Amino acid sequence: MSLADGGRKKLWKAAGPQLVGALSDRPARELNKELFPDDGSFMKSSQVKLLCDVFDFGNPAPILREVWEQINAVVEQRNGIAHGRLTPEEVGRRYSHDEIMALIQVWEDRWSDFLSWIEGECQGPGFYLASR
């Protein structure tokens with residue numbers, strides 16, 4: 001049985017940190033976008049957490065704040081529309097105009113905070129090279 005037989009989440013939890021550690025002895029010239037940590041949840045909170053675990057960024061919840069609790073519901077609504085289980089009208093009527101505008105603003109603010117946090121965590125050669 002290989003690591004891949006256990007599923008994507010187990011693969012990244014088991015092998016991801018080892019892979020990052022093994023590659024840290026030399027700087028990467030280009031990152032392979034196909035190697036993004038993926039647990040099969042398609043950007044639900046578990047996948048965001050997995051990314052943070054693999055790269056040892058810490059807990060994303062304090063950065064994303066109220067958005068952290070909303071991620072899975074928004075993904076489910078999006079998937080419901082994309083796969084025809086829900087119409088945009090069904091999802092849209094759950095919110096007033098002001099609620100949607102506030103939601104958009106909060107999501108923009110929190111995800112910008114998250115990206116700034118990740119960028120800060122990646123500063124300096126220590127993130128890319130093993131300490132000597």
Any pair with Cβ under 6 angstrom, 6 or more apart, that starts in segment 56-71 at a residue that is under 17 Å from GLU119 (Cβ atoms) and ends at one that is among the basic types (Lys, Arg) and open to solvent by less than 60 Å² (accessible area, probe 1.4 Å): LEU64/ARG110
Tally of residues being farther than 16 Å from GLN70 by Cα and either assigned to a helix (DSSP H, G or I) or among the aromatic types (Phe, Trp, Tyr) (or both) across segment 80-103: 7
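Looking at ASP56, is it surrounded by 13 or more Cβ atoms within 10 Å (Cβ to Cβ), farther than 21 Å from VAL106 by Cα and modelled with pLDDT under 90?
Judged against the criteria, ASP56 is not a match.
Right, GLY126: out of contact with any helix residue (DSSP H, G or I) (no Cβ under 8 Å at 6 or more places or on another chain) and not in a helix (DSSP H, G or I) or not? Spell out how you get there, then give the answer.
Working: out of contact with any helix residue (DSSP H, G or I) (no Cβ under 8 Å at 6 or more places or on another chain): yes; not in a helix (DSSP H, G or I): no.
For GLY126, the condition - out of contact with any helix residue (DSSP H, G or I) (no Cβ under 8 Å at 6 or more places or on another chain) and not in a helix (DSSP H, G or I) - is not met.
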ILE100, sole failed condition from (1) open to solvent by 50 Å² or more (accessible area, probe 1.4 Å); (2) among the hydrophobic types (A, V, I, L, M, F, W, C); (3) within 18 Å of ASP39 (Cβ to Cβ): (3)
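The values are calculated or read from the model by the stated rules, or taken from the named source; none is laboratory data. Keep in mind that what you see is a predicted model, and the values were worked out from it rather than measured. Glycine also receives a Cβ, built like all others from the backbone with ideal geometry; neighbour counts cover every protein chain displayed. These accessible areas exclude ligands, DNA and RNA; they are computed on the full protein's heavy atoms, side chains included. Shrake-Rupley method; radii C 1.70, N 1.55, O 1.52, S 1.80 Å.
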